[in-house]
Ligand SMILES: *[C@@H]1O[C@H](CO)[C@@H](O)[C@H](O)[C@H]1NC(C)=O
Ligand SMILES: *[C@@H]1O[C@H](CO)[C@@H](O)[C@H](O)[C@H]1NC(C)=O
Ligand SMILES: *[C@@H]1O[C@H](CO)[C@@H](O)[C@H](O)[C@H]1NC(C)=O
Ligand SMILES: *[C@@H]1O[C@H](CO)[C@@H](O)[C@H](O)[C@H]1NC(C)=O
Ligand SMILES: *[C@@H]1O[C@H](CO)[C@@H](O)[C@H](O)[C@H]1NC(C)=O
Ligand SMILES: *[C@@H]1O[C@H](CO)[C@@H](O)[C@H](O)[C@H]1NC(C)=O
């Protein structure tokens, strides 16, 4: 025994996998010694995890704290515990915590330590996926956009600038997490390295090796590290690394043992693990809402559990892409604000038939109360007014530049990107003048498809059309030489999957007018979120009804309204949903909190989830809307509506011919 301990001690410095490999050659007594030394580890001899010496398997559910208001973390975790789960799984999105280099945020809704502590207090273990890349339908797969300051950076590889940023970030994150490891008395039993790396083109083993030693250097050599890849030899090839336990992901409805055969090829011994068992699926704007049948989920889950595998249900609760946090797939297709995912708990944390079906399959319901769905309240219609103190009926963003753009314009012959403007999210305004008379309709084009992602074009304050990445590369404009051209460009979410994650925003290539490149730009960085939360737009005044001729397209404008939570009704405020009858597309804030994007003109999402935690009973609640395309308030009146029922599955009104293929793992679903 002493010699084994010595051997272990010796090899701890260079990585635990050596210990595991050796373990296969140990006698029973020697293995017992290993068991006593390690609180959690992969038991290659008995094809299982071992925790505190006992055979162990986890039944886990994914919950992303970054998609749920902090006030609801406990409620959601308790509901997961009451479903019979013994574990939760979460990503850590780097860009959520390091918004600009060396500026970290771990407070409020970003308080990861508090989230982990809550999980532990409730009795849940944690499978942690700290990335650095997470995919997850999250902006740029969790990588901070500021990495793109190096224009030709090769993300997710040994690129020296990328590695330097990763090392710095992990040097902050991992020491913070170390006390939360199981061996240190915390809930974290395993830690994932990267995410589905085998689906990425680079196949850079040195990068995976670097991450592995980085993780071990911060977390200790006894941490159980794992990788996750699609259940196919092709995915596992570049995603796995000797010494890091290889797991797979696959959805319901297929042949469970065949899927695990793929894991067995990479990992002949050890526990079977499905790290992402899909309870539902993601959505894109302009496509039908995804659903996955409860019966099929229950059947496959039953099969997975019957063969003793560990499993993580992705998602158990999807939550919400508040603000600008959604990602996108390619050809460019951004995900909507809701990340409901047709999961067993809805976006708002409500119990579904799927929840109870899964509970029935797991059959390990702990003692405790069944937690109710949170009540919803229909606050009704709220009258909205257009913010327009000058009564010009012109371009409000242009009129309000002194409020919206703190830094003033940057002059440039050719357009600049968001990153060159040092603005990661939201909207940037590009101004120039028509260089020639365009008395006849003249094509304004983005020949290199460089509008990322949507451009609202006006000439002399009148809406002229919309350019859209991969969809609309040309519009016609008319106007006199010298007319002002205003182009508001919206970042609709960075690509989060595949080779195109270096997703620059703004006008990333030149626009042409006729045959000539447009030049002489003034580019304004816009601080819309600050202006909204400081109530600056509120002070601008508004008008009730206007008289300009109705037009199919309007210039982007702000609208405001207030509502009061009624008195005398117990338990208010409650959660609600906001919807936009007669509105087209835009962004909405309530009391300065950026709820996200609405786009009923494209669907399938119609209502946005409004958590009670952002509402006030003490003072009137403020609704601010930036409507980009239509003007429902002219001639008026116009309202937004608060209802108690979500609608995420409206008929899609886009002109897409085909529903796109389900993203990357359709063959496994
Ligand atoms: C940190 O994040 C929280 C939650 O989103 C936010 O309320 C707070 O303002 C942020 N802090 C800073 C300094 O940006
Ligand atoms: C499932 O796959 C296994 C191979 O792992 C095979 O033996 C079995 O026949 C398959 N079952 C069905 C129903 O296709
Ligand atoms: C622009 O105008 C020309 C001439 O009127 C027309 O043929 C063309 O279809 C228009 N293009 C667009 C994108 O509207
Ligand atoms: C715009 O065109 C000019 C001249 O061809 C070129 O130098 C410049 O790089 C282009 N800019 C962008 C953003 O594509
Ligand atoms: C709504 O805006 C007004 C004016 O800026 C402000 O006084 C009030 O506190 C805001 N309400 C909330 C709930 O923030
Ligand atoms: C949308 O979902 C609701 C609730 O599940 C369902 O009743 C309705 O039929 C669905 N509508 C469409 C168009 O699929």
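Readers should treat all values here as calculations from the given coordinates under stated rules, not as data from a laboratory. All of these numbers come straight from a predicted model, not from anything done at the bench. So basically every Cβ, Gly included, is an ideal-geometry build from the backbone, and we count neighbours across all protein chains shown.
Listed values, structure above:
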| quantity | calculated |
| --- | --- |
| Packing-based order for 330-343, 434-447, using average beta carbon neighbours within 10 Å, highest first | 330-343, 434-447 |
| Two-site FRET efficiency, residue 373 against residue 616, from Cβ-Cβ distance with R₀ of 22 Å, rounded to 0.05 | 0.45 |
| Value of relative contact order over the chain, rounded to a whole percent, pairs C-alpha under 8 Å and six or more apart | 14 |
| Difference of contour (0.36 nm per residue) and Cα-Cα distance, residue 150 to residue 413 | 92.6 nm |
| Fraction of antiparallel bridges per DSSP, the chain only, in percent to nearest 5 | 75 |
| Relative contact order (percent, whole number), the range 548-603, Cα cutoff 8 Å, 6+ residue spacing | 21 |
| Cβ-based exposure ranking for 625, 495, 382, in which fewest neighbours within 10 Å come first | 382, 495, 625 |
| Label point distance in nm, residue 210-residue 480, each placed 7 Å from Cα along Cα→Cβ | 5.8 |
| Kirkwood Rh (inverse of mean 1/r, distinct Cα pairs), the chain, angstrom | 26.4 |
| Residue 265 paired with residue 161, simple spin-label distance in nm, labels 7 Å along Cα-to-beta-carbon | 3.8 |
| Ascending count of other beta-carbon atoms within 10 Å, so fewest first, for 44, 324, 104, 65 | 104, 44, 324, 65 |
| Fewest-first sequence of 499, 74 by Cβ atoms within 10 Å of each Cβ | 499, 74 |
| Among 271-278, 482-489, the order from most to least packed when residues are scored by Cβ within 10 Å on average | 271-278, 482-489 |
| Cα-projected label distance for residue 499 with residue 184, points at 7 Å along beta-carbon direction, nm | 4.0 |
